[in-house]
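Asker: Structure in structure tokens, see below.
No value in this document is a laboratory result; all are computed from the given coordinates. As the structure is a prediction and not an experimental result, all values here were calculated from the model. In this analysis, Cβ positions are derived from the backbone assuming ideal geometry, glycine residues included, and neighbour counts consider all displayed protein chains.
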Amino acid sequence: MSVSRIQAVTARAGYRSRYQSPSVQSGRRGQVLLEFAVVAFLMTLLLGAILAFGFLFYSANIVQQAADVGAQELARTPFSPDSSFKTDLVDINKGVFSEAALVVPVGTDPATLPLINQLLFLVYIYDPDIDMIRYPGTLVTNGDGDQTVVIAVIGPGHRNAVTGVEEITEWHRVVEEIIPSGQTAGPYSVLATAAQQGGLGQPGMVALRINYPYQSAGLVAYVHTDEGGNIINPSDTIGADGVLNVPVIADDSQVTGANTAMFPDGDTLSAAGYTLVNPTADPNIGASPNRGTYGFGEAQAFLTTVRPYRKVITAQGIYRREIFE
């Protein structure tokens, strides 16, 4: 029986012939490669998103644990009943927290740091521009001449609708007291007024907040606008039609509000004794998710330099003070 006859018989019987022509085999190989390329792209995209948001949730858990333990430690450490939160927090003899320990040399043993710094060390980053290990955020020098970190916050809608360039609306310390609106101090002192207690109902409370600026190494920040150029909050874009996604351009020279934005206690950056460091970028290192004057970072995408996805995480711990001097 000839080969063509065998192929005809097997085709009628519902079997696939082994004797496919070279052109058919080549076509199948091309199809497999195309399928692999599509699946590999989707799997890589999914894996990247899992890693990015996995680290986001990991960081949130670390920061929340530090807030709980730090507030509890302050509540059980003997301080004067009428002292201030800011003074007691950084008391070097108590070893609860140090602003200066937010920026430490490479190779520092975390066990030598104050308690809250130890707990936060897991989310410190290596900064190649200063060759130091530090907490993410805006690198500044404090009134004592120490390098430390503060957090810049961009309020909702405070981005340029065309370029996405930021306007800083608030400054926050990494560790700070929860202060009610309109007050300059919270409920820490046993002499705190009802307004300073902020609804807690009693004075002598440790109300501690820790801020952490998560910035992705792989996701790009966008500003969302409608067809008229009006900025839309991300939560309002779900299911909306005509939403335009504009990547945020990394341009620190265009950022506004740095000198007028205030900390919760009413101080501006300069009034609080902080000076921007603005480290020079290491030319041997490419884009970094925490680089720049304000630590907003940069990434290469769309043939330009853009901002990475950013989310400021806030964790709180509230405990009644138990021990006094």
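Asker: With charges only on Cβ, +1 for K and R and -1 for D and E, what is the dipole size of segment 178-307 about its Cα centre, in debye, rounded to 20?
Answerer: My answer is approximately 420 debye.
Asker: Just add up the charged neighbours of residue 180: K/R +1, D/E -1, any other residue whose Cβ is under 14 Å from the Cβ of residue 180.
Answerer: Combined, the nearby Lys, Arg, Asp and Glu give -2.
Asker: Compute the relative contact order of the chain as a whole-number percentage, counting only Cα pairs closer than 8 Å that sit 6 or more residues apart in sequence.
Answerer: 21
Asker: Now for a separate question. Pick out, from 63, 180, 138, the residue whose Cα sits farthest towards the positive end of the charge dipole of segment 55-214, with +1 on the Cβ of Lys and Arg and -1 on the Cβ of Asp and Glu.
Answerer: 180
Asker: Can you compute 3J(HN,Hα) from phi for each residue in segment 285-300, using the Karplus curve 6.51 cos²θ - 1.76 cosθ + 1.60 with θ = phi - 60°, rounded to whole Hz and x for Gly and Pro?
Answerer: The phi angles translate into 10, x, 4, 10, x, 10, 7, x, 3, 10, x, 6, x, 8, 8, 9 Hz.
Asker: Right, another one. Of 58, 319, 309, how do they rank once you tally other Cβ atoms within 10 Å and put the fewest first?
Answerer: Fewest-to-most ranking of 58, 319, 309: 58, 319, 309.
Asker: Let me ask you something else. Quick one: among 211, 259, 117, which has the greatest mean-square fluctuation in a GNM of the chain with alpha-carbon springs under 10 angstrom?
Answerer: Greatest mean-square fluctuation among the candidates belongs to 259.
Asker: With viscosity set to 1.567 mPa s at 4 °C, what whole-number translational diffusion coefficient in µm²/s follows for the chain from Stokes-Einstein and a Kirkwood radius over Cα pairs?
Answerer: The Stokes-Einstein estimate is 56 µm²/s.
Asker: Once the other residues with Cβ under 15 Å from the Cβ of residue 241 are scored (Lys, Arg +1; Asp, Glu -1), what is the net sum?
Answerer: -3
Asker: Once amide H atoms are placed 1.01 Å from N in the peptide plane, what residues at a sequence separation of 5 or more from residue 186, or on another chain, have their amide H within under 5 Å of its amide H?
Answerer: Sorted by chain and number, the residues that satisfy this come to none at all.
Asker: What's the exposure ranking of 208, 47, going from fewest to most Cβ atoms within 10 Å?
Answerer: With the sparsest Cβ surroundings first, the list reads 47, 208.
Asker: The chain: longest stretch without exposed trypsin sites (Lys or Arg not before Pro) (DSSP loop, at most 15 other Cβ within 10 Å), sites themselves excluded?
Answerer: Longest run free of exposed loop sites: 19-325.
Asker: With only Lys, Arg, Asp and Glu charged, each at its Cβ (+1 for the first two, -1 for the last two), find how big the charge dipole of the chain is about the Cα centre; round to the nearest 20 debye.
Answerer: Dipole magnitude for the chain comes out near 2260 debye.
Asker: Now a separate question. Could you tell me the ratio Rg/Rh of segment 262-316? Both radii from Cα atoms, Rh via Kirkwood.
Answerer: Result: Rg/Rh = 1.08.
Asker: Per residue of the chain, what 222 nm ellipticity follows from adding -39500 (n - 2.57) for every DSSP H run with n ≥ 4, rounded to the nearest 500?
Answerer: -8000 deg cm²/dmol
Asker: Let me ask another. In whole Hz, with x marking every Gly and Pro, tabulate ³J(HN,Hα) for segment 248-255 from phi via Karplus 6.51 cos²θ - 1.76 cosθ + 1.60, θ = phi - 60°.
Answerer: Each residue's phi maps through the Karplus curve to give 7, 7, 7, 8, 5, 5, 9, 5 Hz.
Asker: Once label points are set 7 Å from the Cα along Cα→Cβ at both residue 126 and residue 271, what is their separation, rounded to one decimal in nm?
Answerer: Reported label-point gap for residue 126 and residue 271 is 4.1 nm.
Asker: Amide H of residue 149: which non-local residues (sequence gap of 5 or more, or other chain) have their own amide H closer than 5 Å, using H built in the peptide plane?
Answerer: 140
Asker: Considering amide H positions built from the backbone, and no H for Pro or chain starts, which residues 5 or more places from residue 309, or on another chain, come under 5 Å of its amide H?
Answerer: 216, 219, 220, 221
Asker: Once the principal axes of the Cα atoms of segment 65-178 are found, what is the range along each, listed largest first in whole angstroms?
Answerer: If we take the Cα atoms of segment 65-178, the spans are 53, 36, 28 Å.
Asker: What nm distance separates the two modelled labels at residue 91 and residue 312, each placed 7 Å from Cα along Cα→Cβ?
Answerer: Spacing of the two 7 Å Cα→Cβ label points: 2.9 nm.
Asker: Continuing with this model, one more query. Using the Karplus equation 6.51 cos²θ - 1.76 cosθ + 1.60 (θ = phi - 60°), what ³J(HN,Hα) coupling, rounded to whole Hz, does each residue of segment 44-58 give in order, writing x for Gly and Pro?
Answerer: Per-residue couplings from phi come out as 5, 4, 5, 5, x, 5, 4, 5, 5, 6, x, 5, 4, 5, 4 Hz.
Asker: What net charge do the residues around residue 168 carry, taking every other residue with its C-beta under 12 Å from that of residue 168, with Lys and Arg at +1 and Asp and Glu at -1?
Answerer: Taking every other residue near residue 168 into account, the sum is -3.
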